[in-house]
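*Asks:* Dropping a structure here in structure tokens format, bear with me for questions.
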Amino acid sequence: MKTILLKFSGPLQSWGTTSHFETRQTDRYPSKSAVIGMIAASLGYRREETQNIQKLNDLNFGVRIDQTGVSIQDYQIAKKYKKNGELERTYVTNRYYLEDAVFVVAVGHKNHQFMNMIEEGLKRPYFQQFLGRRSAPLAADFFLGSTKTDIEESLKKIDWQAANWYQRSNSSTLTAYVDSDLLTEGATRTRHDRVKSFSQRNREFGYRGERRIEISVNTNNETSLDNVEEHNAFDSIGG
Amino acid sequence: MTNQRLFLDIHAIQTVPPSNINRDDTGSPKTAQYGGVRRARVSSQSWKRAMRTYFHENSAETNVGIRTLEIVKYVAEKIQAIDSSMDNEEAMNLAEKVLNAAKIKTKDHRAKALFFLGDTQAKKLAEAAINGNEDKKELQQILKDNPAVDIALFGRMVADDPTLNEDASSQIAHAISTHAVQTEFDFYTALDDLAPEDNAGAGMLGTLEFNSSTLYRYGNVAVHELIKQLDSKEAALNTLKLFIESFSNSLPTGKVNSYANQTLPQALVVSLRTDRPVNLITAFEKPVNSSYGNVSESIKKLFDELRKVEKFVDKPEFTLYITVDEFDKLSEDGLEKESLRDLLESFAVRVNKLFNDEQDE
């Protein structure tokens, strides 16, 4: 088993699984399809490479909410012109984002070769990666590391990644959502984020089950770039 | 070449005085929370529009292409560049013929709507015209295979026909302030010049919202992908130079007549990387809190962060920068330039060398 842990943070993120037309929603935490999209982009897969992309559904997936973030609506207009240059109509679109959120995302697989390829891709991407929308790039410290333990164990052991100001005023019991087939207890809920196709002609998603777990984490973790070398979050996991 | 990665990173620190360049549906300046505090925000789509406008206005001089009604003349010039024996009228007719064959409608040697024709597209159409190619499919393929540089760079979404969609090779982040802001309210009255003498009241009153900020702006280009889209290193380089220029010199025009907030960046940093693009927003997660202006402190933090991320990523091929102030050297490899023009010249020399070295291998 090899598991890669990623930190999603920044001013804006957006994780829509039910968006249509002019209203683009966000969920409260990243979707598996978005992370698969990020990995596919990193590996240089094009939208039509459906077989390669679908294979990434085999990855085990979990996400921990380290800093909940704030929901915001972003107002945007787009103008459509007729062929002769006259204005046809103005579209008003509302895009929803999460501000100031931090997540730990875990992807894993028993095939180490497969995971090494993904790790290399994430570190040296072909297409730019982003947090749900192109205008929300990753931060430089997004790659937390890799472990030899499974998704649940890795998410339980990794230190709390929230900013210090957040840790001081929030509970250290975090919520995580893990692929339902990786756990035996807890209610399953379905999410519309199993990738079938990213093609521009026909984007298509199926359903995936996930289960919720609560995780108590260590506090007082300095998470700025200054402390990366001094503080090795993976000592406790043995990764 | 398939595994080659080449990313252009561009960062700017730019102060914007009291203004409201990008507002929401209620007229308030856009904001975002980061590091637990509220920041000023300018959305990526807003700044991208300013960049595209700049792009279109300046694309002819930089040999990137041209947005014009005069596309017939533009192609005719390319025809004459290949075959100098051809006179003006002959070239114009030939150009019009090839454009019409590609199903671009013209009238009196002019396009019916503004059209962006890339330098490469025009050259290839000129070649086809000289070779007497009138095949509609082949000519349209020339246009399709060589997307106009602005579409390659900024992407295109056509709701009616998804096959025309093009994924952008650039990525522009929302600009956010390096420090906390509070939106302020400007109360104003307007007087009625013809009001009776005994009416001392205002004709109308209202409030405008504004804030002032020092912004961190970030964008990048997947250069390897842009070269593939444009099928030409020369066109890609010209496009990158104009991209840097438009990133630096453009500004969204929201309420610009009310506030005259035209500014330019106080610092501009350009890097070329072979591993991944690097966004330095983390430098400002802890907000800048300075009692003597935020610019110097923001630039210092940006430079510090650029050094720190070397723990995570490879050293860039090169880094060029300009600042309005005296600072410690950015790093051993960072090269300070006198002006934007100076920076662009140096950028071209270095990128050309990189492209040539690649060919020699």
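*Asks:* Find how much the distance from B:S28 to B:R350 grows on full extension, using 0.36 nm per residue of separation minus their present alpha carbon separation; answer in nm with one decimal.
*Replies:* Roughly 111.6 nm would be gained on extension.
*Asks:* Using the Cα centre of segment A:75-184 as the reference point, and only Cβ charges (+1 on K/R, -1 on D/E), how large is the resulting charge dipole? Debye, rounded to the nearest 20.
*Replies:* The calculation lands at about 700 debye.
*Asks:* Viscosity 1.306 mPa s, temperature 10 °C: Stokes-Einstein D of chain A from its Kirkwood Cα radius, in µm² per second?
*Replies:* 84 µm²/s
*Asks:* log10 I(q)/I(0), Debye, Cα-only the protein assembly as shown, no solvent, q = 0.08, 0.09 Å⁻¹?
*Replies:* -0.62, -0.78
*Asks:* OK, next. Return a whole-number percent for the relative contact order of chain B, with Cα pairs under 8 Å and 6 or more residues apart as the contact set.
*Replies:* Relative contact order, chain B: 27 percent.
*Asks:* Between B:I71, B:M51, B:I104, whose Cα lies farthest towards the positive end of the dipole of segment B:28-109 when Lys and Arg beta carbons carry +1 and Asp and Glu beta carbons carry -1, centred on the Cα centre?
*Replies:* Positive-end residue among those listed: B:M51.
*Asks:* Taking the 0 to 90 degree range and rounding to the nearest ten, how far is the long axis of helix B:44-58 tilted relative to the main principal axis of chain B, both from C-alpha atoms?
*Replies:* Long axis of B:44-58 versus the principal axis of chain B: about 50 degrees.
*Asks:* Of B:G118, B:V313, B:L143, whose Cα points farthest to the positive end of the dipole of chain B (charges on the beta-carbon: +1 Lys, Arg; -1 Asp, Glu; origin at the Cα centre)?
*Replies:* B:V313
*Asks:* Describe numerically, in nm with one decimal, the distance between label points set 7 Å from Cα along Cα→Cβ at A:E120 and at A:T190.
*Replies:* It is 3.8 nm.
*Asks:* Using only protein heavy atoms and a 1.4 Å probe, how much accessible area in total is buried between A and B, to the nearest 100 Å²?
*Replies:* Approximately 3900 Å², summed over both chains.
*Asks:* How big is D for chain B, in µm² s⁻¹ as a whole number, if Stokes-Einstein is applied with the Kirkwood radius of its Cα pairs at 25 °C and 0.890 mPa s? Could the numbers behind the result be given before it?
*Replies:* Details: Rh = 23.0 Å.
Rounded, D is 107 µm²/s.
*Asks:* Need one number for segment B:106-169: average projected area of the convex hull over its C-alpha atoms, nm².
*Replies:* Over all viewing directions, segment B:106-169 projects a mean Cα-hull area of 5.2 nm².
*Asks:* Here is a further query. Count the DSSP beta bridges whose two residues both fall in the protein assembly as shown, then state the antiparallel fraction as a percent rounded to the nearest 5. Numbers along the way, then the final one.
*Replies:* Details: 104 of 109 bridges.
Antiparallel: roughly 95 percent of the beta bridges in the protein assembly as shown.
*Asks:* Using Cα atoms only, what is the angle between the long axis of helix A:32-42 and the major principal axis of chain A, expressed in degrees (0 to 90) to the nearest 10?
*Replies:* That helix lies at roughly 80 degrees to the long axis.
*Asks:* Now a separate question. Where does chain B land at 222 nm, in deg cm²/dmol rounded to the nearest 500, when only DSSP H runs of n ≥ 4 count, each adding -39500 (n - 2.57), divided by all residues?
*Replies:* -11500 deg cm²/dmol
*Asks:* Also, I was wondering about something else. With contacts defined as alpha carbon pairs under 8 Å and 6 or more residues apart, what's the relative contact order of segment B:143-193 in percent?
*Replies:* Working: 29 pairs, mean separation 12.6, N = 51.
That works out to 25 percent.
*Asks:* Then there's this: Calculated from DSSP H runs of 4 or more alone, at -39500 (n - 2.57) each and per residue, what is the 222 nm mean residue ellipticity of chain A, nearest 500?
*Replies:* -5000 deg cm²/dmol
*Asks:* What angle do you read, to the nearest 10 degrees and between 0 and 90, between the alpha-carbon axis of helix A:112-123 and the longest principal axis of chain A?
*Replies:* Tilt of helix A:112-123: around 60 degrees.
*Asks:* Same structure, new question: Could you sort out which of A:K82/B:K255; A:K110/B:K311; B:K300/B:K353; A:K148/A:K196; B:K144/B:K233 sit more than 22 Å apart by Cα distance in this structure?
*Replies:* A:K82/B:K255; A:K110/B:K311; B:K300/B:K353; A:K148/A:K196, as the Cα separations exceed 22 Å there.
*Asks:* Starting from the Cα coordinates of segment B:205-361, work out the convex hull volume and express it per residue in Å³.
*Replies:* Spelled out: Cα convex hull of segment B:205-361, divided by residues, is 157 Å³.
*Asks:* Output needed for segment B:47-114: three equivalent-ellipsoid semi-axes, defined as square roots of 5 times the C-alpha gyration tensor eigenvalues, in descending order, whole Å.
*Replies:* Values: eigenvalues 126, 46, 13 Å².
Over the Cα atoms of segment B:47-114, the semi-axes work out to 25, 15, 8 Å.
*Asks:* Can you compute the FRET efficiency between B:K315 and B:E234 using 1/(1 + (r/R0)^6), with r the Cβ-Cβ distance and R0 = 30 Å? Round to the nearest 0.05.
*Replies:* Working from the Cβ atoms, E equals 0.65.
The values are calculated or read from the model by the stated rules, or taken from the named source; none is laboratory data. Quantities reported herein were computed from a predicted structural model and do not represent experimental measurements. For neighbour counting, all protein chains shown are included, and Cβ atoms are generated from backbone atoms with ideal geometry for every residue, glycine included. Note: areas computed on protein heavy atoms with side chains; ligands, DNA, RNA excluded. Shrake-Rupley method; radii C 1.70, N 1.55, O 1.52, S 1.80 Å.
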